[in-house]
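Read through the structure below, which is laid out as structure tokens, and then see the notes.
What follows draws every value from the coordinates through simple rules; no lab data is involved. Here the structure is a predicted model, which means the values were calculated and not measured. Note: ideal-geometry Cβ built from the backbone for every residue, glycine included; neighbour counts use all protein chains shown.
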Amino acid sequence: MKSRSQIRAGRSRFPDQFDRIPDPLILIIFNKLADARSLGRCAAVSRRFRSIVPLVDDVYVKIGRVVTVDGDSCRSLTFSFPRPRKCFSHFLKLMLFAILRPIRSLHNPHCGGKRFLPPESHRSPAQVLKNFRHLRRLRIELPAGDVRTEDGVLLRWRAEFGSTLESCVILGGTRTDRLPPSSGRAGQAEDDGSMPESFYTNGGLKLRVVWAIGTLIAASTRHYLLQEIIEDHPTLESLVLTDADGQGTLSMGIEQLKEFREKPLVASASSTRTHLPASSMKLRYAPYLELPEGMAMQGATLVAISPATDDTDGNSSREECDSFIRGAFEGPLGAAVKSLAERRIYLMEINGF
């Protein structure tokens with residue numbers, strides 16, 4: 001019978017097949033993997049993997065749970081709007097810079113005695129991403145949406161930022177139903193595209209304004225809290241911040257990130273979010289819409305928000321904004337946007353705040 005030392009010696013005669021895989025191919029695999037937690041585990045496998053993981057340029061960070069400063073779980077993941085703006089902003093700050101519980105402390109004695117991921121008490125997204133030196137594309141997912149709505153209400157938004165807001169589109173409905181494609185309603189045929197009087201008297205307009213302001217506060221808070229990540233990664237070309245509910249998405253492209261770095265960011269009076277410029281808000285409304293895939297939406301509303309522009313660049317800005325609106329959503333929601341975009345526009349102005 002062979003001893004343990006003989007068995008180990010015998011195994012050493014067989015080469016490690018991973019050594020035959022070139023580093024560029026492993027890097028391609030790691031880029032496909034993307035998930036920061038999984039990449040941290042890979043970095044703990046060997047010195048070779050640890051040297052390759054920091055070269056990954058496509059990373060996905062999922063925030064699994066919000067915790068308070070003292071480490072207790074945050075029971076409430078959403079706030080109803082309106083609430084004190086300070087509380088709303090504080091919640092989002094905790095959401096982005098709280099401890100990432102699901103990422104365990106990864107340590108391997110064969111990797112030089114240093115953790116690739118930071119200690120548990122310092123796991124903010126910025127700290128998790130610290131060792132990625134060539135980051136180009138980054139996606140961050142929050143555990144929940146920021147704007148609380150009543151049961152049955154559909155609210156989706158997308159916003160683009162540079163150094164401040166560039167455009168924001170909000171799609172909402174007071175109720176969504178699954179109906180057979182052949183199901184029709186006479187009310188839809190009778191709709192002439194104008195706003196019904198009941199929209200003003202039953203609180204419909206006020207509700208849409210609440211949606212818009214809540215969305216802008218959520219988006220500008222997310223944007224403000226990305227400063228450290230953007231400053232630490234000058235190679236970053238694309239940044240998307242979304243949530244597990246699919247409620248809202250903030251995106252920044254290469255030109256917008258460049259502008260963010262070159263222009264000083266202006267904070268709001270609360271200093272917990274980006275100051276929003278004076279903007280125009282275009283609202284379109286339909287009492288009822290039938291959409292593809294047997295979906296129907298009541299109280300369908302499309303709100304497009306963009307900063308007020310000078311006449312010199314107004315036409316190009318409007319074209320870019322219209323293109324962003326039409327491409328903001330896919331599937332039945334994209335069909336809703338397309339249908340609402342043809343309807344009458346009701347214009348409102350928003351002061352900077």
Just to check I understand the Karplus step: with θ = phi - 60° and J = 6.51 cos²θ - 1.76 cosθ + 1.60, what whole-Hz values come out for the stretch 223-234, glycine and proline as x? 4, 4, 7, 8, 3, 4, 5, 5, 5, 7, 10, x
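Order these peptides, 144-150, 322-328, 195-201, 26-32, by their mean beta-carbon neighbour count within 10 angstrom, highest first. Kindly include the intermediate steps, with their values, before the conclusion.
On the way: 144-150: 19.0, 322-328: 16.6, 195-201: 12.3, 26-32: 14.9.
Output ranking for 144-150, 322-328, 195-201, 26-32: 144-150, 322-328, 26-32, 195-201.
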Taking 0.36 nm per residue of separation between L27 and D322 and subtracting their Cα-Cα distance, the length gained on full extension comes to 102.4 nm
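Give the peptides 245-254, 157-166, 16-25 in descending order of average Cβ contacts within 10 Å, highest first. Don't jump to the answer; show the numbers that get you there.
Details: 245-254: 18.4, 157-166: 22.0, 16-25: 9.4.
By packing density, highest mean first, the sequence is 157-166, 245-254, 16-25.
Step through the table entries K32/K258; K62/K258; K130/K282; K130/K258; K32/K130, compare each Cα-Cα distance with 29 Å, and write down the pairs that go over it. Intermediate results must be reported in sequence, preceding the final value.
Values: K32/K258 26 Å; K62/K258 25 Å; K130/K282 41 Å; K130/K258 20 Å; K32/K130 20 Å.
Exceeds cut-off: K130/K282.
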